[in-house]
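The values are calculated or read from the model by the stated rules, or taken from the named source; none is laboratory data. Just so we're clear, the structure is a prediction, and the values are computed from it rather than from any experiment. Glycine also receives a Cβ, built like all others from the backbone with ideal geometry; neighbour counts cover every protein chain displayed.
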Amino acid sequence: MGRQTVHSRVLESYVKHLTLRDNMVPPVDLDIGEACLQLQNDIAMFRRIRDTRYLNVRTHIPKQGNLHLAWEYAKDPAQHYLFVQLLRVSPVVFKVIHELIKDHPVFHNNSTSPQAPVDYQLSITLYRLGRYGNGASIIDVARNAGCSPGAVEDCTDRCFTAIESLHDIFVRPLTEEEKEAEKVWMDNHVGFKGTWREGWVMYDGTIVVLYSRPGLDGDAYYTRKSNYGLNVQVRHFYYHINHAHHAIDRECALHIEDCRLFSWSHWFCS
């Protein structure tokens, strides 16, 4: 049985109160006017409990967090491994993702209370994705991020919306010209032109290990390596991987020297 909400507990307590009250003062002993008034009051109380958003007194919860240390780690290459421990990506990769999603409409609104900076929201999301077990709880992530549990969920939802909007940029079918280039690559490496040229699609896979056995259909996730995980299959093309760096403009808007990062877009063409 799942944990009861505050509203459920209060409503349950109120029902017990009504039961005790009616046992001590049976409604049949009341005249019709008093009974109707009592019923109206009970219904009004039920609605008030149901419709009140916060039943407990709201107090200020101190929030400090430590994700700001990531920006300090990013300044010194010798401390980049600490940045990776926090956010599970290198500072360069973080910058690339941030540049790609920062202008998405999901991060902008007309509210008088502006959203947190996009890089902060992305850091919360990456930190959350890098936790498992007890450390993956929303409350623990919020404590380390210095925000509320609701903000953790909102930041994660926004970042996923922005990242998923990039799907058509990084995942697309090859054009006929690109397919022919792959086949020519096969011809050159096999040494002759034949049916081998049709084998231009390369697949590679890996198992993303799950922390524990899923509760629903858990046996279906059991792998040949004696763990529970998800199998990720990537379809990629050797010609475009090997020649991607020729198509990258080193003076691109991101001004990132290691252009090999951008060749990832060719790995996921399918």
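Within the range 155-170, one or more residues are polar (S, T, N, Q), without any contact (Cβ under 8 Å) to a residue 60 or more places away in the chain and not assigned by TED's automatic domain parsing to the domain that holds GLN233.
Given the criteria surrounded by 12 or more Cβ atoms within 10 Å (Cβ to Cβ) and either touching a residue at least 12 places away in the same chain (Cβ under 8 Å) or more than 30 Å from HIS17 (Cβ to Cβ) (or both), does ALA78 qualify? No; evaluated as a whole, the condition is false for this residue.
Which helices (runs of 4 or more DSSP H) does the range 105-178 wholly contain that include 1 or more residues that are modelled with pLDDT under 85, touching a helix residue (DSSP H, G or I) at 6+ places or on another chain (Cβ under 9 Å) and not acidic (Asp, Glu)?
Helices (runs of 4 or more DSSP H) meeting the threshold: 167-170.
Residues of the range 1-47 that are loosely packed, with under 11 Cβ neighbours inside 10 Å, over 23 Å from VAL57 (Cβ atoms) and of a type in the set (Gly, Ala, Ser): GLY2, GLY33.
Taking the conditions (1) on the phi > 0 side of the Ramachandran plot; (2) in contact with a Leu (Cβ under 6 Å, 6 or more places away or on another chain) in turn, ILE49 satisfies each one other than (1). For the range 143-154, the set of residues classified as of a type in the set (A, V, I, L, M) and either over 22 Å from PRO91 (Cα atoms) or without any contact (Cβ under 8 Å) to a residue 12 or more places away in the chain (or both) consists of ALA151 only.
Could you run through the range 82-104 and say how many residues are assigned to a helix (DSSP H, G or I) and within 21 Å of ALA136 (Cα to Cα)? Please lay out each step first, then the result.
We begin by selecting, within the range 82-104, every residue assigned to a helix (DSSP H, G or I); these are 82-87, 91-101.
Those still in the list that are within 21 Å of ALA136 (Cα to Cα) too: 82-87, 94.
So the count comes out to 7.
Considered as a group, the residues in the range 58-81 that are farther than 20 Å from ARG131 by Cβ and part of a loop (DSSP other than H, G, I, E, B) include one that is modelled with the lowest pLDDT, and that residue is ARG58.
Could you list, in sequence order, all residues of the range 193-210 that are in a loop (DSSP other than H, G, I, E, B) and surrounded by 13 or more Cβ atoms within 10 Å (Cβ to Cβ)? Lay out the reasoning, then the answer.
Going residue by residue through the range 193-210, those that are in a loop (DSSP other than H, G, I, E, B) are 193-194, 199-201, 210.
Answer for the range 193-210, where residues must be in a loop (DSSP other than H, G, I, E, B) and surrounded by 13 or more Cβ atoms within 10 Å (Cβ to Cβ): TRP200, VAL201, LEU210.
Give me the residue from the range 95-152 that is among the small types (Gly, Ala, Ser) and farther than 20 Å from PHE83 by Cα and, out of that set, surrounded by the most Cβ atoms within 10 Å (Cβ to Cβ).
Step one: list which residues in the range 95-152 are among the small types (Gly, Ala, Ser), which gives 111, 113, 116, 123, 130, 133, 135-137, 142, 145-146, 148, 150-151.
Retained after the next criterion (residues that are farther than 20 Å from PHE83 by Cα): 111, 113, 116, 133, 137, 148, 150-151.
Working: SER111: 7, SER113: 5, ALA116: 16, GLY133: 9, SER137: 14, SER148: 14, GLY150: 10, ALA151: 20.
Filtering first and then ranking leaves ALA151.
Any residue at all in the range 247-258 that's closer than 30 Å to VAL190 by Cα, modelled with pLDDT under 90 and not in a strand (DSSP E or B)? Yes - at least one qualifying residue is present in the range 247-258. Among the residues of the range 211-246, those identified as modelled with pLDDT under 80 and surrounded by 10 or more Cβ atoms within 10 Å (Cβ to Cβ) are VAL234, ARG235, HIS236, PHE237, TYR238, TYR239, HIS240, ILE241, ASN242, HIS243, ALA244, HIS245. Quick check: is even one residue across the range 17-27 part of a helix (DSSP H, G or I), basic (Lys, Arg) and over 35 Å from the mean Cα position of the chain (by Cα)? Yes.
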